[in-house]
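I have placed the structure first, in the form of C-alpha cells, so that the comments after it can refer back to it.
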Amino acid sequence: MGLPVHVDPGDGVSAAILRWVLRDGQPPQRAREVSRVVQELPREGNLPLAALAAAVFADAHALDRSRPLGRAMARFLALRAAVADSISGGAARDSTVAPAFEFTDPLSTPAGWRAAWASAGVTCDAVSSQVLVLNLSLVGDAPAVAICGACPGEPTWLTLRSLEGSFGLASPQDVFVCENPTIVEAAAAMSGARSRTLVCTFGRPSAAAWALLRGLVPAARLHFRADGDVTGWSIVETFLTEFPQATTWRMPPGMTAFEEELLGDLLSDLVNEADQTE
C-alpha cells in the first residue's frame, strides 16, 4: 500500500508512524501500550516474543498475531524499519517531509510478521519452527552446523534458532526435498549415513524450512516433491517460484500419487552414486 508518511526524520518519526498505525479508531490506551513495548525492546541480541510480552504485560500471549496489540506493534515496527531505510538511503532529504513509498503489511504473510519483529531484535517461533534433515553436511558458525555433523545417518530436527548465524554447503551437491517424514525414516533405515542429502518439510514449509533452503542456495541443486494432492502441488509450485533453478523430483504434471506410494522409487534415488557402483 502506498503510505504518504509526513515525518520529521528525527524524534518525530516514531510519533508520526504510531499515529498512522492507530488511525482506525483503536482505543486510547493502545498508543501507551505500544510505547511500553518500544521501551522494552532489546538493545542488543535477540529476545523471544513471548518473553517480551510476559515482561511488559505479565501475559506471554499479549503480543500474539491474534491480538490487536500484536498486530499494531508489527505494523509499527515494519513501518518504522521502512522509514529508516528510506531516510538512510537518501529518499528523505527534506527536513519535514518523507515521500510516499510502498509498504507491505507485515500481517499479510508469516514471513512479514517475523521480519517486522526481527527488525527490533525480537524472535518469533525460534524453537517451535522446525525442519527435518538427513545427512546434511554444513559449514559455518550456526549451531545447525554442529548438530548436523554430530550423528551422520540419523534424522535430525533443526529449529529456526539453530539456523541463526552463517551456514551453507561446503560444495555443490544435490539436495532432495520431500513433504512426509516417512521418506526420511525409510531412507535412514535403508541407507543410513550413505543416503543422499534429504530435507523434509513435514507438510507446508515452516520458517525453519525456508531459512534452511535459502541458506543452501546457490550450492544446492534442489529437487522438490510432495504428495500429489492439491496441497502438495501448492507446496511444490511455491518452491519452484522461490527457487526457479530447482527441479521436481519424480513429480510430473498431473501426478496424484502420495509419496508413500512411490517409496521404492524415491529410496532408489537416494542411494549414493558411489554405493551404486560398488
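The values are calculated or read from the model by the stated rules, or taken from the named source; none is laboratory data. Owing to the predicted nature of the structure, the values given are computational and were not obtained by experimental measurement. Backbone-built Cβ (ideal geometry, glycine too); neighbour counts: all protein chains shown.
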Kindly indicate whether GLY264 is closer than 16 Å to ASN180 by Cβ and small (Gly, Ala, Ser). yes
Which residues, taken from the stretch 104-118, are at pLDDT 90 or above and polar (S, T, N, Q)? none
For the stretch 211-222 the number of residues that are surrounded by 21 or more Cβ atoms within 10 Å (Cβ to Cβ) and either in a helix (DSSP H, G or I) or modelled with pLDDT under 95 (or both) is 4
Hey, ALA98 outside the structural domain of MET190 (by TED's automatic domain parsing) and either in contact with a helix residue (DSSP H, G or I) (Cβ under 9 Å, 6 or more places away or on another chain) or modelled with pLDDT of 90 or more (or both) or not: yes
Which count do you get for residues in the stretch 165-182 that are more than 20 Å from GLU242 (Cα to Cα) and free of Cβ contacts under 8 Å to residues at least 60 places away in the same chain? 5
State whether the residues of the stretch 192-211 include one that is more than 26 Å from VAL127 (Cβ to Cβ) and without any contact (Cβ under 8 Å) to a residue 60 or more places away in the chain. yes
Whichever residue in the stretch 223-249 is part of a loop (DSSP other than H, G, I, E, B) and either loosely packed, with under 15 Cβ neighbours inside 10 Å or not assigned by TED's automatic domain parsing to the domain that holds SER206 (or both) and, among such residues, is farthest from the chain's Cα centre (by Cα): ASP229
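Which is touching a helix residue (DSSP H, G or I) at 6+ places or on another chain (Cβ under 9 Å), charged (D, E, K, R), free of Cβ contacts under 8 Å to residues at least 60 places away in the same chain and surrounded by fewer than 15 Cβ atoms within 10 Å (Cβ to Cβ), of GLU185, GLU154? Step through it out loud before you land on a result.
Working: GLU185 fails: touching a helix residue (DSSP H, G or I) at 6+ places or on another chain (Cβ under 9 Å).
One residue alone meets the criteria, GLU154.
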